[in-house]
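Data block below; observations after.
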Amino acid sequence: MTNIKSEHIPRATIQRLAVYVQVLENLQREGVEVISSEPLAKACNVNASQIRKDLAYFGEFGVRGVGYYVKSLIESITSALGVNREWRTVLVGVGNLGRALLNHKEFKLRGFHIVGAFDCDPFKIGEEISGLEVICTKRLKERVADLNVEIGIITTPPERAQRAANHLVDAGIKGILNYAPARISVPDDVFVEYVDFFHHLYALSFNITFSRNK
């Protein structure tokens with residue numbers, strides 16, 4: 001599945017692939033070895049043609065009249081997403097959210113190993129959290145080189161997010177996951193993903209309000 005057939009893969013397709021992996025892994029834990037497109041599509045809350053279209057970007061999968069082999073499809077999708085390897089990451093901003101993420105064991109299980117924690121607060125520097133010593137953000141560049149890091153996670157207050165991003169970019173980081181409720185500016189060759197809980201809460205509040213007004 002590493003032979004991508006198109007360079008222009010929609011963002012929505014990448015997001016759905018992540019959902020497919022999650023569903024397939026749950027099926028695997030339940031002992032399911034083979035699944036046809038219809039029940040897989042139902043479990044993923046999409047239609048079967050959408051699954052076939054998404055997978056077609058990477059090759060041909062499934063056996064006609066049989067379905068998809070769960071283990072093989074998981075391996076193929078994770079290979080396509082580039083998560084069949086370890087990604088070394090650092091976290092900037094050791095507040096409540098940062099601490100929670102440092103203690104979240106699922107990151108490492110998913111191949112995203114947080115190997116460094118950074119903060120500019122002198123009262124936090126030197127503290128140990130989940131086996132990591134909090135280091136001054138000014139030392140991020142030297143530590144990123146030593147630790148062979150490729151991804152940075154920002155969990156700072158919004159007013160400090162851009163400064164954190166600047167440190168990460170200066171250190172050569174090419175991928176940033178930003179939990180801070182603020183937009184950041186980075187060079188074109190740096191990829192940014194935003195995680196803002198309030199966006200989802202706004203959507204929920206709208207849907208509930210809209211349904212009541214029908």
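The values are calculated or read from the model by the stated rules, or taken from the named source; none is laboratory data. Treat the numbers as computed from the prediction; the structure is a model and nothing was measured. Cβ atoms come from the backbone with ideal geometry, glycine included; neighbour counts cover every protein chain shown. The accessibility values were calculated without ligands, DNA or RNA, using every heavy atom of the protein model including side chains. Shrake-Rupley method; radii C 1.70, N 1.55, O 1.52, S 1.80 Å.
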(request) For Trp87 paired with Arg139, estimate the spin-label separation in nm (one decimal), with each label point 7 Å from Cα along the Cα-to-Cβ line. (result) 2.6 nm
(request) Relative to the longest principal axis of the C-alpha atoms of the chain, give the angle of the C-alpha long axis of helix 11-29, reported between 0 and 90° and rounded to the nearest 10°. (result) 70 degrees
(request) Starting from the Cα of Lys124, draw a straight line to each of the aspartates and glutamates and keep only those under 17 Å, dropping any in the same chain fewer than 8 residues away. (result) Glu133
(request) Take the chain, connect every pair of alpha-carbon atoms lying under 10 Å apart with a spring to form a Gaussian network, then pick out the residue of Ala100, Ala117, Ala180 with the largest mean-square fluctuation. (result) Ala100
(message) For the ranges 38-49, 72-83, what's the packing order if you count other beta-carbon atoms within 10 Å of each residue, average per peptide, and put the highest first?
(response) 72-83, 38-49
(message) Charges on Cβ only, +1 for Lys and Arg, -1 for Asp and Glu, centred on the Cα centroid of the stretch 66-186; of Cys120, Gly172, Val134, which one is farthest towards the dipole's positive end?
(response) Gly172
(request) Calculate for the chain the 222 nm mean residue ellipticity that helices alone would give, adding -39,500 (n - 2.57) per DSSP H run of length 4 or more and normalising by residue count, nearest 500 deg cm²/dmol. (result) -13000 deg cm²/dmol
(request) State log₁₀ I(q)/I(0) for the stretch 160-214 at q = 0.23, 0.26, 0.27 Å⁻¹ as given by the Debye formula over alpha-carbon point scatterers of equal weight, solvent excluded. (result) -0.83, -0.97, -1.02
(request) Any chance you could list P(r) for the stretch 20-144, counting all Cα-Cα pairs in 10 angstrom bins from zero, rounded to whole %? (result) 12, 33, 20, 18, 14, 3, 0
(request) Note down the magnitude of the dipole of the stretch 1-143 about its Cα centre, charges +1 on Lys and Arg C-beta and -1 on Asp and Glu C-beta and zero elsewhere, to the nearest 20 debye. (result) 260 debye
(message) Can you compute the radius of gyration and Dmax for the chain, using only the Cα atoms, both in Å?
(response) 20.0, 63
(request) Please give the per residue accessible area of the stretch 100-156, computed with a probe of 1.4 Å over protein heavy atoms only, in Å². (result) 55 Å²
(request) Taking a cut-off of 23 Å between Cα atoms, list the lysines near Lys53, but don't count ones fewer than 8 places away on the same chain. (result) Lys5, Lys42, Lys71
(message) Given a 1.4 angstrom probe, what's the average accessible area per residue across the stretch 4-81, in square angstrom?
(response) 61 Å²
(message) Ignoring ligands, DNA and RNA, please state the percent of accessible area on the stretch 1-160 from carbon and sulfur, probe 1.4 Å.
(response) 49 percent
(request) Restricting to the chain, compute how many DSSP beta bridges are antiparallel as a %, nearest 5. (result) 20 percent
(message) Can you tell me the length gained on complete extension of the stretch Val63 to Glu30, counting 0.36 nm per residue apart and subtracting the Cα distance?
(response) 9.7 nm
(request) Could you work out how far helix 197-212 tilts from the main Cα principal axis of the chain, as a 0 to 90 degree angle to the nearest 10? (result) 50 degrees
(request) Largest first and to the nearest Å, give the Cα extent of the stretch 87-198 along each principal axis. (result) 34, 32, 30
